[in-house]
Amino acid sequence: METKRQIHSSLKVLLVSDLEKSKKFYSDVLGCEVTDWWAIRDGFSGLAIKLLQAGVTKDVRPNPPAAGERQGFDLYCYVEDWNSLDELYHEFKEKGAQMAIEPWVDENNGPWKEFAIKDPDGYCIAFGGTDGF
């Protein structure tokens with residue numbers, strides 16, 4: 001018996017220090033559709049975030065690195081193939097995104113290719129995938 005899919009999508013909630021600045025970044029740099037309710041790119045099953053104004057700046061807390069890692073991650077976006085990944089990298093770079101991790105390939109896992117950017121509050125958003133497998 002096939003299980004009915006009950007969850008269609010989800011939104012990551014990010015507390016931000018300056019809501020208007022964040023909306024502009026997600027719209028202008030990441031190419032998201034930004035409304036009062038969300039910032040999305042490629043539909044709700046793509047990059048989907050709810051941006052909320054933090055009450056106080058200390059509440060804006062990007063994830064610290066995991067044990068043994070140098071960079072913490074707040075969101076991870078999977079792509080279909082490396083061509084799409086390269087296109088995103090060049091698009092974001094041209095629009096002035098701050099790179100947290102330049103593109104690299106992990107030959108032992110997939111191989112897997114990824115890069116990561118930081119938003120105005122230091123949230124780290126990674127993009128990665130295998131090459132169409």
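Some notes on this structure:
- Take 23-32, 69-78 and order them by the average number of nearby Cβ atoms within 10 Å per residue, most first; the result is 23-32, 69-78.
- Carbon/sulfur fraction of accessible area - segment 22-128, other protein chains in place, 1.4 Å, %: 49
- Accessible solvent surface per residue of the chain, calculated while the other protein chains remain in place, 1.4 angstrom probe, Å²: 63
- Rg then Dmax, both in Å and based on the Cα atoms of segment 21-110: 14.7, 43.
- Helix content alone sets the calculated 222 nm mean residue ellipticity of the chain: runs of n ≥ 4 DSSP H residues at -39500 (n - 2.57) each, divided across all residues, give -5500 deg cm²/dmol.
- Rounded FRET efficiency, nearest 0.05, which uses the C-beta distance separating Ser17 from Thr130 and R0 of 35 Å: 0.50
- Protection proxy ranking for 48-57, 114-123, using the average of other Cβ atoms within 10 Å per residue and placing the highest first: 114-123, 48-57.
- Across all directions, the average flat footprint of the convex hull enclosing the Cα atoms of segment 94-133 is 3.3 nm².
- Debye, to nearest 20: dipole size of segment 12-84, +1 on Lys, Arg Cβ, -1 on Asp, Glu Cβ: 300
- Projected area averaged over orientations for segment 1-67, convex hull of C-alpha atoms, nm²: 7.1
The values are calculated or read from the model by the stated rules, or taken from the named source; none is laboratory data. Everything numeric here is computed off the predicted structure, so don't read it as measured data. So basically every Cβ, Gly included, is an ideal-geometry build from the backbone, and we count neighbours across all protein chains shown. Surface accessibility is based on the protein's heavy atoms, side chains included, excluding ligands, DNA and RNA. Shrake-Rupley method; radii C 1.70, N 1.55, O 1.52, S 1.80 Å.
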